[in-house]
1. Can we say Glu105 is of a type outside the set (A, V, I, L, M, F, W, C) and under 19 Å from Ala224 (Cβ atoms)?
2. Only residues that are part of a helix (DSSP H, G or I), within 22 Å of Ala234 (Cβ to Cβ) and of a type in the set (D, E, K, R): list them for the range 26-64, please.
3. When only residues in the range 69-100 that are in contact with a Leu (Cβ under 8 Å, 6 or more places away or on another chain) and over 20 Å from Arg22 (Cβ atoms) count, which is surrounded by the most Cβ atoms within 10 Å (Cβ to Cβ)?
4. So how many residues does the range 199-238 have that are part of a loop (DSSP other than H, G, I, E, B) and either surrounded by 23 or more Cβ atoms within 10 Å (Cβ to Cβ) or not acidic (Asp, Glu) (or both)?
5. I need the full set of residues from the range 49-68 which are buried (at least 17 other Cβ atoms within 10 Å of the Cβ) and not charged (D, E, K, R), in order please.
6. From the list Leu141, Leu131, Leu126, which one is of a type outside the set (Phe, Trp, Tyr) and in a strand (DSSP E or B)?
7. Quick check on the range 242-259. Is at least one of its residues outside any helix (DSSP H, G or I), out of contact with any Asp or Glu (no Cβ under 9 Å at 6 or more places or on another chain), in contact (Cβ under 8 Å) with a residue 40 or more places away in the chain and among the aromatic types (Phe, Trp, Tyr)?
8. Which of the residues that make up the range 70-102 are under 19 Å from the mean Cα position of the chain (by Cα) and among the polar types (S, T, N, Q)?
Amino acid sequence: MRQRLEYAAAWPFIKVMGILPRPLARTIGIGLAWVIYLLHVRLRQVGMRNLAMAFPEKTEGERARILRGEFTSLGRQLAEVCHFPEYTLENVGDVVVFDGFENFERAQACGKGVLLFAGHFGGWELSSFVLSMRGHWMYVLMRGMDNQYLGELILRYRTMHGNKAVDKDDFVRGLLSAMKGGEVVGLLMDTNMTPPQGIFVDFFGIPACTAAGPARIALRTDAAVVPTFTIWDAALGKYRLRFDPAVELVRTGDLEADIKANTQKFTSVIEEYVRKYPEQWLWVHRRWKTRPPGDAPLY
């Protein structure tokens, strides 16, 4: 019953946001995010703790500014997600422009599958949606939401133009099947994991338990691994969907060492983007929750 009530409360808001002019919807979305920032003490505490670990050289005021910027970014993305049903090929260019798309085309032309990886950064929900609108559908990894009804709504939005969802519990089999078919898979690689699915690599110099499956499958299938980030560009007033050149995989012949080395390479790319645009990353996630054996908790 509670989930139904939450959905019943959220659905009118989503519908109204979707029909408002985008600038107004963004303003409302950002305003709502700031209300959450002010009221949700626990999220602020996690965000400031993460920022203190990642940027010990910054002042508390500088970290607080970054954290407020994150909530602005989240509110902006919320407004765009509400507008998903209104996107068309004619108007989507007003919201997202491609940058480095030739890197994606080059990777796809190899015919061995493409892993597009990013993090919870900028307008991450827009990347697979806009690509699918332009005829480049992909498999997207889905984790269930606490609210079943809102989860079903997000799934409907994400798959509106041909994307196919892969459940996290069927991740490896689904990923292997997609790579064998030369398909495209979209992954977010910046969430806390637990062993054995996760291995420890450095993120901001701190061991972070990170999904090893992408590196394992890329090594097994020769799939191209392409970093893909949806960056808010204030000068443009739009998002830039950036495709970097495919990551050159480490291959020494020692499989486990290669999995760790490549997972580190992927994670270092995410760190590079977060350092460049710190206000656009999800600092309120407990990224370093899982600790190596014997290490003290960080939260």
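1. So Glu105 fits the description; yes.
2. Within the range 26-64, Arg26, Glu62, Arg63 meet the criteria.
3. Selected residue: Glu70.
4. Residues of the range 199-238 part of a loop (DSSP other than H, G, I, E, B): 204-205, 212, 222-223, 234-237.
Within this subset, residues satisfying the condition of being either surrounded by 23 or more Cβ atoms within 10 Å (Cβ to Cβ) or not acidic (Asp, Glu) (or both) are 204-205, 212, 223, 234-237.
Total satisfying the criteria: 8.
5. Scanning the range 49-68 gives Asn50, Leu51, Ala54, Ile66, Leu67.
6. On the way: Leu131 fails: in a strand (DSSP E or B); Leu126 fails: in a strand (DSSP E or B).
After applying the criteria, what remains is Leu141.
7. Keep residues of the range 242-259 that are outside any helix (DSSP H, G or I), which gives 242-254.
Checking which are out of contact with any Asp or Glu (no Cβ under 9 Å at 6 or more places or on another chain) leaves us with 244-248, 253-254.
Still in the list and also in contact (Cβ under 8 Å) with a residue 40 or more places away in the chain: 244-246.
Among the residues that remain, those that are also among the aromatic types (Phe, Trp, Tyr) are: none.
Checking the range 242-259: not a single residue is outside any helix (DSSP H, G or I), out of contact with any Asp or Glu (no Cβ under 9 Å at 6 or more places or on another chain), in contact (Cβ under 8 Å) with a residue 40 or more places away in the chain and among the aromatic types (Phe, Trp, Tyr).
8. Looking only at the range 70-102, we keep the residues that are under 19 Å from the mean Cα position of the chain (by Cα), and these are 70-84, 95-101.
Selection gives Thr72, Ser73, Gln77.
Quick note: the coordinates plus some simple rules give every number you see, no bench work behind them. On a predicted model such as this, the values are computed, not experimentally measured, just so you know. Neighbour counts run over all protein chains shown; Cβ positions are idealised from the backbone, glycine included.
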